[in-house]
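Working notes, structure below.
Any read-out appearing in this document is the output of simple, stated calculations on the displayed coordinates, not a laboratory observation. In this text the structure is predicted, and so the values were computed from the model without any measurement. Here the Cβ is made from the backbone with ideal geometry for all residues, glycine too, and neighbour counts use every protein chain on show.
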Amino acid sequence: MSIENAIRNRSVLLEQMGKAALNVRYPNEFEMYICAFELMDQKGNTLKYFIFPVMPSQIDEAEPTLTNIKKTLSGVSVLSSPTFVPVDINLSGNFGRKFRVLLGTDMVDFLQSFVAPEGGVTTESFQKGVVSVFDDRVKTGYGCIKILQDIIRESNTVDDRGYRRLIFYNLAFGSSYVVKPLSFKMSMSQDVNMIHQYSLSMKAIAPLSAIKSQEDMMLLSLRLNATAYLQKQVDKTVNDLTSILTF
């Protein structure tokens with residue numbers, strides 16, 4: 001296929017399917033800038049779902065090879081293994097200062113997040129103390145980092161539900177893994193005032209295909225793409241609403 005035909009076919013597919021569907025159909029050809037974590041229990045039930053409202057500023061995936069090379073008397077001995085090799089993954093970035101609407105697992109009308117409680121906020125209710133969760137869906141950048149931190153902590157929990165399984169989806173690289181967090185760091189400096197930075201190191205211990213069928217993986221990818229598109233529309237609406245309220 002000539003480059004002219006390739007460009008023409010891509011344009012036609014984009015018009016017919018859209019970029020999200022193009023990524024789902026050809027995941028190794030067209031990337032989508034989406035990252036997400038899914039925390040599951042031992043039976044595969046989803047406990048928490050976190051889609052990054054802002055992509056990490058840096059993502060690293062290092063794939064070492066299980067190859068052992070030794071010098072022998074008769075030459076060089078090379079031993080290789082065909083099994084899955086754990087992948088080192090590092091994320092770093094921030095979620096900014098402004099409010100973010102987190103869509104989570106289900107698609108609900110995000111406008112409900114802006115509806116005040118019945119009767120409004122009164123002095124009496126304020127004096128009773130601040131609730132532990134300000135809002136389930138509307139979070140500041142700092143609030144997003146705390147959710148990320150909570151998921152990392154819970155991924156090491158073992159209770160009556162059994163162990164936890166953490167899935168990391170990275171459609172920007174076309175990869176999805178079962179991961180184990182190694183370290184989580186939160187920092188802040190005067191250079192970027194009121195913006196909390198995060199740094200996360202993980203080890204991928206298995207590909208998602210080890211626990212999910214190909215059909216399930218395509219459905220997950222489609223859901224992530226649809227949520228990412230909706231997230232962009234929500235962020236635009238939040239920005240417009242914030243500008244109106246602070247004008």
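Go through the range 198-205 residue by residue and turn each phi into a ³J(HN,Hα) via Karplus (6.51, -1.76, 1.60, θ = phi - 60°); whole Hz please, and just put x for glycine and proline.
Coupling constants for the range 198-205: 10, 9, 10, 10, 9, 10, 7, 9 Hz.
Report the FRET efficiency, 1/(1 + (r/R0)^6), for TYR26 and SER201, where r is their Cβ-Cβ distance and R0 is 45 Å, rounded to 0.05.
Calculated transfer efficiency: 0.90.
Can you flag which of LYS146/LYS212; LYS43/LYS98; LYS139/LYS180 are past 31 Å Cα-Cα?
Correct reply: LYS43/LYS98.
Once both labels are modelled 7 Å past Cα along the beta-carbon direction, what's the LEU219-THR72 spacing in nm?
The answer from the label model is 5.0 nm.
How would the range 151-192 be classified by its alpha-carbon gyration tensor: rounded, prolate or oblate, with rounded meaning a/c under 1.5 and the a/b versus b/c comparison settling the rest?
oblate
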